[in-house]
1. Of all residues in segment 272-289, which are buried (at least 18 other Cβ atoms within 10 Å of the Cβ), more than 12 Å from the ligand (Cβ to nearest atom) and not in a strand (DSSP E or B)?
2. Could you grab me the full set of residues in segment 291-308 that are more than 16 Å from the ligand (Cβ to nearest atom) and either closer than 12 Å to A272 by Cα or touching a Lys or Arg at 6+ places or on another chain (Cβ under 7 Å) (or both)?
3. Name the residue, out of V303, V326, that is crowded, with 16+ Cβ neighbours inside 10 Å and touching a Ser or Thr at 6+ places or on another chain (Cβ under 8 Å).
4. Would you check which residues across segment 62-94 are under 25 Å from R27 (Cα atoms), assigned to a loop (DSSP other than H, G, I, E, B) and either among the small types (G, A, S) or touching a Ser or Thr at 6+ places or on another chain (Cβ under 9 Å) (or both) and list them?
5. Just checking, which of R117, R93 is in contact (Cβ under 8 Å) with a residue 60 or more places away in the chain, out of contact with any helix residue (DSSP H, G or I) (no Cβ under 9 Å at 6 or more places or on another chain) and under 26 Å from G54 (Cβ atoms)?
6. Does S308 fit the bill of being in contact with a helix residue (DSSP H, G or I) (Cβ under 8 Å, 6 or more places away or on another chain) and free of Cβ contacts under 8 Å to residues at least 24 places away in the same chain?
Amino acid sequence: MRVSGVLAREALTQLGVNVPAPRYAARAHLIAPSGETLDDGLALFFPGPASFTGEDVVELHLHGGRAIVSSVLDVLGAFEGFRLAEPGEFSKRAFINGKLDLTQAEAIADAVDAETRAQARQALRQMGGALSELYDNWRLRLVHALAHLEAVIDFPDEDLPPDVLNKIWPEVESLRGEIVAHLSDNGRGERIRDGLRVAIVGPPNAGKSSLLNWLARRDAAIVSAEPGTTRDVIEVHLDLGGFAVTVIDTAGVRATENAIEREGVRRAQMEARDADLKIILLDATTGEIPGELKALIDDNAIVVANKSDALTLETRIIPAHHFVSVKTGAALEHLMDELKAQVAQRLDVDGLAPLTRPRHRRGLADCAASLTTAMMQSAPELAAEELRLAARALGRLTGRVEVDEILDVVFRDFCIGK
Ligand code: GDP
C-alpha cells in the first residue's frame, strides 16, 4: 500500500510506526488508534523529491488478505487529510512533478497490461524513456530552428551570423524526414501492443475451426477467447513466440444466395483484407482453390491445404505452401514455425523505439504536416508560426509545452541586447 503527499510520514506515526531511514525497509507493527493490531509487516519511507511521485512516499508491505487491506484502508482513510488515490493518480502526480513524461506514464499502463514478452519489453523500453528521448531531441532541434528564425524576424538590425537562415531549412527538412520515417513503421509498436491480427479464411468445412482450436490449445498461453462482434467471427488471443496475436476465425467464404450467409462471407472477406496476415485454409481433397479465395492470395497470405490425411492418388494437388492435417497433426508444427517467423518478421523491432499509440501517430503526423507547410511559406513570420505549431505537436506527445524556452535559446545563442 502506498501513501503519497505531505502527510505521508503522518501515516506511519499515526499507525504507531517509527519512520524508518529513507529507502530502508523496517519491520512495522501497525496499530489502529483504537489499540487494535492491524498487521505485522514492513514499512519504507521515500522522502520527496527522490521518490516515484516526487512527493514524500510511504510504502506499507502488508499481508494482502482482504480483511487486513480493508481495515488498514479504513484506518488510514479516517485520518485528517487522507483519501483513496484515483486510478493512475500516482503516475499522474509523478508526471505533474516532472518525474516522468506522458509517454512514460503510458508505458507504465502498458507494462501492467503486458501479456507477452514483446509487449513487456516494449513497455519497459518506453518506460525507460526511449520515446521521451527521441521526441525531446526532435523538439529541441525544432525549438532551435524556430529560435533562429525568430531572431532573424525580431532583430533584423542585430549582427546575426550570416548563415543563420541558410541553416534553418535543411535542419527542418531532415527533421521532417526522420519523423516521416518513424511514422512509416507499418504500425509495429501499435501491433506489438494490441496484437497482430491473423485471419483464417477458407471455404466452409475446410477445417478453420479445427485449426483455430488446435492453435489455441497448442499454444499454451491463451490469453482469452471471446466471441467477436458477430456470431460468425471468433477471436482468440495467443502468445505466439512472445508476440501477441489475435487469430480470427471467419465464416466460410463461398458464393451463396442466402442473404445471411452472404453477410457472413462479406465480413469474412473484410476481416481478411484488414488482417496483417491471413491463413487461407483449403480442403485438399477438393483439388481446387475457389475463385473468391484466389483474389486474397498475396504476400500476407499463407496458403494451407488441410486434410492431407484424406488425399487419394486421384486427387488433384492444389498449389499450397503447406499440406497439413489438423486431424492427425501432420505438418502442423511446420505451419506453426512459419507463422511464428512471419509474425516475428512483422513485429521485430531493432533500432529506434517504435511509437505505440494512435495518439503518438496523430501528434507526429500533425508535426510533420506543419513542417511541410512551414517549408512552403515565403514569409518568415508565417513559417515561424508553423514551426511553433510543429513544436507544440511534439510537446503534446511528452506533455512538455513550455513557451519561454524559445526566448531562452534566443538569448543564449545570440546574447541579443546584452
Ligand atoms: P470449418 O467449417 O472450416 O470451420 O471446418 P471445421 O473445422 O468445422 O471442420 C469441418 C469438418 O472437417 C469436420 O468434420 C472436421 O472433423 C473435418 N476435418 C478438419 N480437419 C480435418 C483433417 O485434417 N482431416 C480430415 N479428414 N478431416 C478434417
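The values are calculated or read from the model by the stated rules, or taken from the named source; none is laboratory data. On a predicted model such as this, the values are computed, not experimentally measured, just so you know. Here the Cβ positions follow ideal geometry from the backbone for every residue, glycine too, while neighbour counts run over all protein chains shown.
1. A272, A275, D276, I289
2. If the condition is that a residue be more than 16 Å from the ligand (Cβ to nearest atom) and either closer than 12 Å to A272 by Cα or touching a Lys or Arg at 6+ places or on another chain (Cβ under 7 Å) (or both), then A295, I297, D298, N300, A301 are the ones that fit.
3. Answer to the check: V326.
4. Within segment 62-94, G64, G65, A85 meet the criteria.
5. On the way: R117 fails: under 26 Å from G54 (Cβ atoms).
Selected residue: R93, the only one of R117, R93 that is in contact (Cβ under 8 Å) with a residue 60 or more places away in the chain, out of contact with any helix residue (DSSP H, G or I) (no Cβ under 9 Å at 6 or more places or on another chain) and under 26 Å from G54 (Cβ atoms).
6. no
Residue by residue, here is whether (1) among the small types (G, A, S); (2) surrounded by fewer than 19 Cβ atoms within 10 Å (Cβ to Cβ) holds:
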residue	(1), (2)
A32	yes, yes
A50	yes, yes
L60	no, no
V72	no, no
I96	no, yes
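Conditions tested, residue by residue: (1) outside any loop (DSSP other than H, G, I, E, B); (2) at pLDDT 80 or above; (3) crowded, with 17+ Cβ neighbours inside 10 Å.
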residue	(1), (2), (3)
H182	yes, yes, yes
I200	yes, yes, yes
R217	yes, no, no
A221	no, no, no
R231	no, no, no
D239	yes, yes, yes
T246	yes, yes, yes
T256	no, no, no
